[in-house]
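The structure under discussion appears below in the form of structure tokens.
The values are calculated or read from the model by the stated rules, or taken from the named source; none is laboratory data. As the structure is a computational prediction, the values presented were derived from the model and not from experiment. Please note: Cβ atoms are built from the backbone with ideal geometry, for glycine as well, and neighbour counts cover all protein chains shown. Ligands, DNA and RNA are excluded from the accessible area calculation, which covers all protein heavy atoms including side chains. Shrake-Rupley method; radii C 1.70, N 1.55, O 1.52, S 1.80 Å.
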Amino acid sequence: MRPNSIQHKGTWPTHIIAALKGISALDEQTAKKGSVAEERYQKSYPFHPELTEVFYSKWSSGIERFQKTRGVLRTFALALREAVKWDESPLVGPAVFLSAPKTQGLSEAARELVSIADTIVSDGAATRWTGILETELECARQVEQESVGLKLREIEQAAMATFLHSQPTGRSAKTRDLMLLVGPCRPDKIEYEKGLMRWARKSYWLDDQNLPTKEGELPSDWKLGNRPNLNQMQSAAAATIDDAIVKARLEEDIRNLKALTAGASAAGVKVHTLPTKPKDIEDDGLFHYAVMPPSAASESGKPSSEAKRFLDETTGSNKPRVHRNAVILLTPSRDGLTAAEARVRDAMAWQLVRDELTPTTDEEKQQKGAIDVARMQTLKINIDKAREKVPDAIRQAYCIVVTVSEKDEPHAFKLSISDQNHFETIKSDPRSRVRDTAITADALLPDGPYNLWQDGDKSRRVKDLAGAFAQLPHLPKMLKSSAIVETLVEGCLQGSFVLKVTRPDRSFRTWWRDRPDEAALADPSLELVLPEHAELADVLAKLLSSGSLPGLWAGEEITAQSLLDYFNGKHTVEVDRGSYKESVNVPKASQEAIELAIRNAVAAGHVWLLSGPSSLWAEEVPQGILTPAAKLRVPPDNIAPAALLPATLPNAWKNDSTNAAAIATALSHQSGLTLPWKNVASAISAALTGRFLSLSDDSGDWPCDFAMASKAKFTIVKSAGGSATGGDPAGGGYQGPSGLGLGSVSEQHGVRAVSQLEAFELQELGEAVATLLEIKNKCDAPLTFSIQIDFGDAQHKPAPEIVTEMNECLGNIKDGLELT
């Protein structure tokens with residue numbers, strides 16, 4: 001609208017329709033009235049009828065100094081004289097009372113209205129509206145600046161409209177009134193409502209009695225007054241809180257915020273929360289993670305002097321920190337710290353407001369009156385929101401990591417804060433150079449990527465290798481120094497190098513393909529020796545087993561001399577590394593150490609020794625037996641008891657009688673090697689236990705050593721019918737269920753499996769029956785199962801009641817199956 005528009009009545013409908021279109025978008029009731037609303041607005045044109053109604057119904061009737069007609073006309077004249085220069089609204093509305101855009105203070109018309117409103121006395125006192133209205137208009141401007149859809153000062157208009165509706169004191173505007181008065185500007189409804197909500201939450205002088213308790217709702221009534229609302233009270237309370245108290249509360253909240261340290265301790269890191277002195281972080285080579293106090297606030301690329309002091313010093317500038325590469329500091333940014341302090345101050349201020357509004361004594365109850373339940377509910381919402389904002393503000397503030405760079409300089413960089421805890425974010429940031437995965441043992445050797453060895457080094461102390469990652473800035477930061485030691489132990493187990501402890505008397509212990517004990521790992525003299533420069537104090541006996549050492553066993557037999565050659569200090573072997581093969585040196589071992597290893601390996605049953613006529617296994621090796629030509633073989637197979645029977649070992653038997661020496665000789669002849677006595681004796685004992693054999697009446701003692709083997713005599717076990725069964729439960733003399741003799745294996749032209757089974761093996765046989773039957777169905781041959789149960793022997797007779805109880809159990813399996 002322009003001033004000369006009033007002279008062209010034919011253009012009025014265009015302006016009125018434009019205004020009503022904006023109002024109808026906000027107010028459904030106006031949209032339904034249609035032509036009636038249009039007629040009303042045309043009669044009032046160019047003035048907004050709702051605005052003139054406020055002046056006539058509220059100002060003229062309730063304020064003595066405001067004359068009904070002359071007062072309204074004078075007010076509009078003052079307003080339009082200035083507003084015509086900038087107001088583009090289609091109607092004269094509340095915008096005309098605003099000052100020109102980008103100017104401070106009240107317009108002349110607004111000052112006139114304020115001076116009139118100031119004359120109103122309520123409860124014995126007048127309201128000073130100038131400060132109130134200026135404060136609310138400034139708050140409205142802030143809301144408009146934060147919004148992307150409010151361009152025509154809509155919230156300022158709403159604030160002015162609320163002021164007009166709040167006269168005389170105690171009156172108020174409805175939400176619909178604000179929609180009607182601002183509607184001609186055609187604001188986006190959603191953006192306008194959001195702006196009103198933000199103004200209601202930020203306002204100092206809006207009566208908060210009618211503020212909704214739920215987020216996203218608009219107040220039902222809008223009223224400005226001289227009673228400060230909760231926001232104003234909170235702002236005033238915040239100004240009274242000493243900075244030192246805010247800082248103290250902030251440090252307490254930082255200390256209690258687990259998100260800053262979560263996951264660090266579980267990763268094996270030593271955690272420090274708000275350390276006060278550099279010495280609080282030990283210089284011990286372990287990984288340290290510190291959440292620094294606010295005084296250490298830094299910026300990206302600019303670590304604070306306090307943060308640098310914690311990295312560089314321990315107890316003072318004359319005590320520099322050695323393990324600087326094992327320390328990571330988390331500090332706040334300066335801007336983030338300011339924001340966090342503001343959040344803490346807000347939360348504390350809301351608490352003070354609650355204390356102020358809550359009477360604690362009868363006298364206070366009389367002074368403060370009854371508690372406004374709605375207001376206290378709103379206060380509780382504000383307190384909860386303020387509390388919730390503090391942890392997030394602290395999380396966002398602590399976004400600067402200070403640590404040592406690869407160039408050995410203090411380095412500060414900014415983290416991108418997300419829902420992930422800070423320590424995990426730091427670990428995943430490549431600028432931290434933190435490594436929590438294991439490194440390979442080969443990486444710690446001279447040809448590895450970390451350059452830990454000097455030219456000519458033959459050995460390095462383990463503590464120096466482990467500590468190097470905490471000291472040298474070009475190395476990654478290892479979370480667990482113990483993991484480095486474990487890597488070295490793993491390399492020792494793989495044979496990549498030798499671990500060695502030297503005693504004070506210069507004697508030493510070594511470990512190769514073996515794990516050092518805890519005492520050795522804790523010994524500061526423990527060193528890693530390259531295999532080509534190492535000499536073993538001893539060789540683990542189990543390493544002599546076939547398949548334990550690469551390249552040692554080509555078949556089932558080696559000589560003692562080949563073992564000496566293997567450990568002569570010049571031997572290399574090819575080791576399979578998966579995708580490639582590597583040539584590895586075998587450390588040197590003396591002849592005495594090798595011979596001791598052979599003796600121990602034979603005694604432990606790891607290898608079988610053949611030297612001349614001697615055959616030894618799982619027994620001590622006498623002096624003089626072991627020579628370079630002696631042969632080492634894989635341990636002999638167990639001999640089945642049935643292999644001792646005449647049918648399979650006829651050369652050992654004569655007239656159904658034999659002795660242990662004959663059995664040993666026959667078995668050795670049969671195998672082509674002199675079998676060790678321990679192997680033969682174990683087979684004989686098993687045959688006796690399984691009743692394949694029995695001791696002759698004229699036998700010597702059993703068991704016995706080989707020297708007395710010829711005195712230990714045996715016969716075949718006889719069945720009740722007098723025939724030899726040889727431990728065969730289905731042999732001659734045994735009658736099957738049909739009463740027919742089963743005969744011998746040769747008579748039946750079949751094959752038979754005979755063995756003494758342990759209880760668990762019998763269970764496994766039962767589980768395998770189904771599979772055996774499936775295999776049997778592939779041919780027409782019958783498959784039968786016979787069983788013999790022996791309970792007790794000549795020295796241990798079972799009690800009759802025990803036999804009866806066992807027979808009851810057997811009878812449940814099959815009728816007639818019983819012990820007799």
Original post:
Given Lys500, Lys477, which one is touching an Asp or Glu at 6+ places or on another chain (Cβ under 8 Å), surrounded by 17 or more Cβ atoms within 10 Å (Cβ to Cβ) and in contact (Cβ under 8 Å) with a residue 24 or more places away in the chain?
Top reply: Lys500
Original post:
Residue check: is Asp242 under 30 Å from Asn421 (Cβ atoms), surrounded by fewer than 19 Cβ atoms within 10 Å (Cβ to Cβ) and modelled with pLDDT of 90 or more?
Top reply: no
**OP:** Inspect all residues belonging to the range 44-55 and state whether any of them is within 24 Å of Glu136 (Cα to Cα) and surrounded by fewer than 21 Cβ atoms within 10 Å (Cβ to Cβ).
**Re:** yes
Original post:
Given the conditions (1) under 27 Å from Ala519 (Cβ atoms); (2) open to solvent by 20 Å² or more (accessible area, probe 1.4 Å); (3) touching a residue at least 60 places away in the same chain (Cβ under 8 Å), and given that Pro446 satisfies all but one, which numbered condition is not satisfied?
Top reply: (1)
**OP:** Say whether the condition of being more than 46 Å from the chain's Cα centre (by Cα) and in a loop (DSSP other than H, G, I, E, B) is met by at least one residue in the range 573-589.
**Re:** no
Original post:
If you scan the range 659-686, which residues turn out to be within 59 Å of the chain's Cα centre (by Cα) and assigned to a helix (DSSP H, G or I)?
Top reply: Trp677, Lys678, Asn679, Val680, Ala681, Ser682, Ala683, Ser685, Ala686
Subject >> Count of the range 393-426 residues which are without any contact (Cβ under 8 Å) to a residue 12 or more places away in the chain and part of a helix (DSSP H, G or I) >> reply: 1
Original post:
Can you tell me which residue in the range 570-610 is nearest to Ala681 (Cα to Cα), limited to those that are without any contact (Cβ under 8 Å) to a residue 24 or more places away in the chain and among the hydroxyl-bearing types (Ser, Thr, Tyr)?
Top reply: Thr572
Original post:
Quick one: is Leu528 modelled with pLDDT of 95 or more and in a strand (DSSP E or B)?
Top reply: yes
Original post:
What number of residues within the range 573-605 are within 30 Å of Leu616 (Cβ to Cβ), polar (S, T, N, Q) and open to solvent by 70 Å² or more (accessible area, probe 1.4 Å)?
Top reply: 2
**OP:** May I ask you to verify whether Arg345 is open to solvent by 30 Å² or more (accessible area, probe 1.4 Å), closer than 30 Å to His474 by Cα and not in a strand (DSSP E or B)?
**Re:** no
**OP:** Answer yes if at least one residue in the range 637-657 is open to solvent by less than 20 Å² (accessible area, probe 1.4 Å) and part of a helix (DSSP H, G or I), and no otherwise.
**Re:** yes
**OP:** Mind listing whichever residues of the range 144-183 are open to solvent by less than 20 Å² (accessible area, probe 1.4 Å), part of a loop (DSSP other than H, G, I, E, B) and in contact (Cβ under 8 Å) with a residue 60 or more places away in the chain?
**Re:** Gln167, Pro168
**OP:** Among the numbered conditions (1) among the basic types (Lys, Arg); (2) assigned to a helix (DSSP H, G or I); (3) within 23 Å of Arg577 (Cβ to Cβ), tell me where Arg460 comes up short.
**Re:** (2)
Original post:
Condition test on Leu218, is it buried (at least 19 other Cβ atoms within 10 Å of the Cβ), touching a residue at least 12 places away in the same chain (Cβ under 8 Å) and not basic (Lys, Arg)?
Top reply: no
